[in-house]
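Report on the following structure.
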Amino acid sequence: MEKNDFLNYTLGPAQELIESLIADEAIDTTESSAHALSFAIRVAIQKHAKTYKEPQTALSIIGDLHTTAAICQYLGGITRQALNDRINNNSILRLKDGKGRNGYPAFQFANGAVDPSIQKIIQTLLNGGFNEWETALWLRSRSLMYDGLSALDYMKQSPEHYDEVLEHARSNVNARHANL
């Protein structure tokens, strides 16, 4: 977006609001009112700039995805059928986009294999009725329950944290089944 378009888009509605408030005599057009309003707008913009975060997409939360060919090679040159068997056994998380393309979240792999602790969480959630996208987002979304970290980052801090995350996964699965 061009600078002038950006300024018109952001400041136009603010100017319309100010003009409406003047017309309704909610604010007056004195120098002191102009100064106070200008200060309030600057403070609001500064506060917004400090706290603003781009809206997150599912992919920005989940992180990097690898292709089928890359994962087959990464896992020692396995066949696509062997990869599909692992997917069908819920031991590898595969995501499909709206066009049917496959992607494999990078967070589940380490040292030429699927990380066994992450694999256990993935299997717990998938076997418990979560779909692939829900599983990936469950692992990668930040949570106050984990001190603002994702379940994945939190469980990597200690074996006790891993046990806690696995228990939460089981609890979420049980809660889901209780609501059916």
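For the stretch 111-136, residues that are without any contact (Cβ under 8 Å) to a residue 12 or more places away in the chain and either of a type in the set (Asp, Glu) or not in a helix (DSSP H, G or I) (or both) total 4.
In the stretch 48-57, the count of residues that are closer than 30 Å to residue 96 by Cβ and among the β-branched types (Val, Ile, Thr) is one or more. Per this entry, residue 93 is counted among residues that are surrounded by 17 or more Cβ atoms within 10 Å (Cβ to Cβ), modelled with pLDDT of 95 or more, not in a helix (DSSP H, G or I) and not polar (S, T, N, Q). For the stretch 58-88, the tally of residues that are without any contact (Cβ under 8 Å) to a residue 24 or more places away in the chain, loosely packed, with under 13 Cβ neighbours inside 10 Å and assigned to a loop (DSSP other than H, G, I, E, B) stands at 2. Considering only residues that are aromatic (Phe, Trp, Tyr) and loosely packed, with under 15 Cβ neighbours inside 10 Å, which ones fall in the stretch 141-180? Result: no residue meets the conditions.
Among the criteria (1) farther than 18 Å from residue 173 by Cβ; (2) of a type outside the set (Lys, Arg); (3) modelled with pLDDT under 95, the one residue 143 does not fulfil is (1).
Selection of first residues in the stretch 16-40 that are hydrophobic (A, V, I, L, M, F, W, C) and of second residues that are part of a helix (DSSP H, G or I) and modelled with pLDDT under 90, restricted to Cβ pairs under 6 Å at least 6 apart or on distinct chains, gives the following pairs, ordered by first then second residue: 27/21; 27/33. When we screen 40, 26, 49 for residues that are surrounded by fewer than 11 Cβ atoms within 10 Å (Cβ to Cβ), modelled with pLDDT under 90, part of a loop (DSSP other than H, G, I, E, B) and of a type in the set (A, V, I, L, M, F, W, C), the only hit is 26.
Among the residues that make up the stretch 150-165, is at least one of them at pLDDT below 95, among the charged types (D, E, K, R) and touching a strand residue (DSSP E or B) at 6+ places or on another chain (Cβ under 9 Å)? Scanning the stretch 150-165, I find no residue that is at pLDDT below 95, among the charged types (D, E, K, R) and touching a strand residue (DSSP E or B) at 6+ places or on another chain (Cβ under 9 Å), so the answer is no.
Against the conditions (1) in contact (Cβ under 8 Å) with a residue 60 or more places away in the chain; (2) over 23 Å from residue 138 (Cβ atoms), residue 52 satisfies every one except (1).
The single condition among (1) surrounded by 15 or more Cβ atoms within 10 Å (Cβ to Cβ); (2) touching a Phe, Trp or Tyr at 6+ places or on another chain (Cβ under 9 Å); (3) not polar (S, T, N, Q) that residue 107 does not satisfy is (2).
The values are calculated or read from the model by the stated rules, or taken from the named source; none is laboratory data. Only a predicted model underlies this, so the values are computations on that prediction, with no experimental measurement involved. Positions of Cβ are generated from backbone atoms using ideal geometry, with glycine treated the same way; all protein chains shown enter the neighbour counts.
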